[in-house]
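Here the structure comes first, spelled out in C-alpha cells, and everything after it is commentary.
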Amino acid sequence: MLYLKKGKTDEEVAVDDLEVSQIVSEAINEVENRGDQAIKEFSQRFDHWVPNDFRLTKEQIKDCYDKVSEQTIKDIQFAQNNVRRFAEEQRKAILDIEVETLPGVILGHKNIPVEKVGCYIPGGRYPMVASAQMTILTAKVAGVEKVIACTPPINGGIPYATVVAMDLAGADEIYILGGIQAMAAMAIGTDSISAVDMIVGPGNAFVAETKRQLYGRVGIDLFAGPTETLIIADDSVDAEMVAVDIIGQIEHGPNSVGTLITTSRKLAEETLVEIEKQLKLIPTGQTAKKAWDDYGTVILVDSLESALKEADSQACEHVQVLTENPDYFLHHMKNYGALFLGPETNVAYGDKVIGTNHTLPTKKAARYTGGLWVGKFLKTCTYQRVTEQASVVVGEYAARLCELENFAGHAKQATLRVERYKE
C-alpha cells in the first residue's frame, strides 16, 4: 500500500474535535440553564435570526409554498415518494413475533415506535432539502406519533423550499432554528419547545458533537458528522469520473473527507491532476479545495483484495465502487454506510432522490452501525406469558440459578411460584 497523497493525521483531527467538544459543552449548559433566552442569543450570534417565535405558523408554512416553483414541489414529491416506498418496504420486513419456546412458555417481541422525535435539517452553506424526507418522512413511516423539526435560516431568512419539504414529509411542528441550539432545545426542552425522546439528522461537526453529548438523555440515530466519501477504482474507469465524484462530496465543507483507493497508478496520478483542474471549474471549488488539501487521500494498492481490506478498515460513510466487478465488494465488504455500485450510480443519487437514506455513519461508526432507517425509530420490546404448569418447571431451574449467584430475593420469586402452582 502506497500513499500518493495523505490528509490530516488522527492526532491532528483529535485536536480539532477537542475544540468543538468544549464549545458544544458550554452551549448545552447554557440552553439547560437559561432555556429560550439562550437559544435566542445563540441564534442571533450564529444565524442573525431572532423572530418573535421560532415555530412557524400554518400561514407562514403556506406562504413558503407560494414562494417556490411548481416544478420544485414536484421534484420534492418525486424524491419523497422514492424514500417512502423504500422505507415502507423496510418497515414490512420488521415483524412482531410470538413463539412457544417450551410447553406453556410464550415469548414474544413487539416493535413499538418512539413517541416523540426531533429531526434536524441542515442548512447553513447549503439548504439540505433532502434531509427532510430522510428524517421526518422515515420517522412517520415507522409510526412516530409526533415529529418536530428544526432547520436554520439562510441569510437571515426562512428557507422556503426546505420548509415545504419538511411539511410534505409530515412534520407536526417546524422551527427555524439551527445548530447546537436546535439540537439542545429539542433534547432538553424549553418553555417554547417541548422535549423529545430522540434526536436525529445529519449536520456539521458541531451538530454531531451535540448529539454525542446528549446521547443517553435522549436517543440518537447515529453519529453523522462531516461527510466522507471513498472511491474504490481500477483501470476500468477514467480520472474525470473519479475526480467529479470526489469533489461532489467534499464540497459539503472544509472538513469533508475524500479518499481514492485504486489498483492503477495511472488512474491515481491522473486523478490528482484532474481534481486540481475540476476544482477551478465549479462555484464550490474553494470549499472543496480546502477539504481536499486537508483531508484528501490517494492510496495505491496491488490488488482488489488489498483494496477491500483497506476500505473495510476505513469504514467510510459513502463507498463508491468503480471497478469492473463491483459486486465483489457487495458480497465481501463489511464496514460502510452505503454502497454505490458501478459508474451508473453515484452518491448524489443517494443523497437526494433515489430512495435510500443519506443519514449515514461517519468516523468509522460503520464498524458497528448502519445508517438511518425505519428500524432506528422502533423499540423492539420483549414480553412473556407462562402457564401455571410451565411456571413450576421454569421456577425450579430459576431458583437454583439464582442461588448460584447469591440472589436470595430472585430465588424467592421463583420458589413462590413453584410452591403456589405445583400440584
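Observations on the model:
- Cubic angstrom per residue, convex hull over Cα atoms of region 333-398: 178 Å³
- Using a probe of 1.4 Å on the protein chains alone, the accessible area found for TYR349 is around 100 Å².
- Principal axis dimensions, region 1-111 - Cα atoms, whole angstrom, descending: 64, 52, 45
- Compared with the dominant principal axis of the Cα atoms in the chain, helix 58-67 is inclined by about 30°.
- The spread of Cα positions in region 128-204, taken along each principal axis and listed from longest to shortest, comes to 34, 27, 22 Å.
- These residues, HIS331, HIS252, go from largest to smallest accessible area, 1.4 Å probe, as HIS331, HIS252.
- Here region 365-423 has an Rg and Dmax of 18.5, 54 Å, counting Cα atoms alone.
- Lysine pairs meeting the criterion (Cα under 16 Å, 8 or more apart or interchain), as found in region 69-161: 4
- With eigenvalues of the C-alpha gyration tensor scaled by 5 and rooted, the chain, Å: 42, 31, 21
- Cα centre as origin, Lys/Arg/Asp/Glu Cβ charges: region 1-105 dipole, Debye: 560 debye
- By accessible area with a 1.4 Å probe, ligands and nucleic acids excluded, highest first: order of ASP302, ASP294: ASP302, ASP294
- Packing-based ranking, highest mean first, of 180-186, 214-220 given that Cβ atoms within 10 Å are counted: 180-186, 214-220
- Inter-probe distance in nm under a simple model that places probes 7 Å from Cα toward Cβ, at GLU388 and ARG400: 2.5 nm
- Helix 179-188 and the longest principal axis of the C-alpha atoms of the chain enclose an angle of approximately 10°.
- Spatially close Lys pairs in region 301-423, defined by Cα atoms under 18 Å apart and a spacing of eight or more places or different chains, total 6.
- Length-normalised contact order for the chain - Cα pairs under 8 Å, 6+ apart - percent: 19 percent
- Computed over the alpha carbons of region 287-423, Rg followed by Dmax gives 26.1, 79 Å.
- When THR210, THR284 are compared by accessible area at a 1.4 angstrom probe, the order from most to least is THR284, THR210.
- Seen from every direction in turn and averaged, the convex hull around the alpha carbons of region 219-289 projects onto 5.4 nm².
- Among 88-95, 47-54, 366-373, the order from most to least packed when residues are scored by Cβ within 10 Å on average: 366-373, 47-54, 88-95
- Relative contact order (%) - criterion: Cα under 8 Å, at least six apart; region: region 162-265: 20 percent
- Tail beyond 20 Å, pair distance distribution of region 174-283 (Cα, percent): 54 percent
- Largest to smallest principal axis extent of the C-alpha atoms in region 97-252, angstrom: 65, 50, 30
- Annotation: region 57-154 has a Kirkwood hydrodynamic radius of 16.2 angstrom, from the mean reciprocal C-alpha pair distance.
- Share of pairwise Cα separations in region 234-333, more than 19 Å, in percent: 40 percent
- Shown here is the pair-distance distribution of region 17-59: with all Cα-Cα distances grouped in 10 Å bins from zero up to the longest one, the shares run 26, 43, 25, 6, 0 percent.
- Partners for LYS5 among aspartates and glutamates (Cα-Cα distance below 12 Å; same-chain residues under 8 apart left out): GLU269, ASP293, ASP294
The values are calculated or read from the model by the stated rules, or taken from the named source; none is laboratory data. The structure displayed is predicted, hence computed values, not measured ones. Cβ: placed from backbone, ideal geometry, glycine included. Neighbour counts: every protein chain shown. Ligands, DNA and RNA are excluded from the accessible area calculation, which covers all protein heavy atoms including side chains. Shrake-Rupley method; radii C 1.70, N 1.55, O 1.52, S 1.80 Å.
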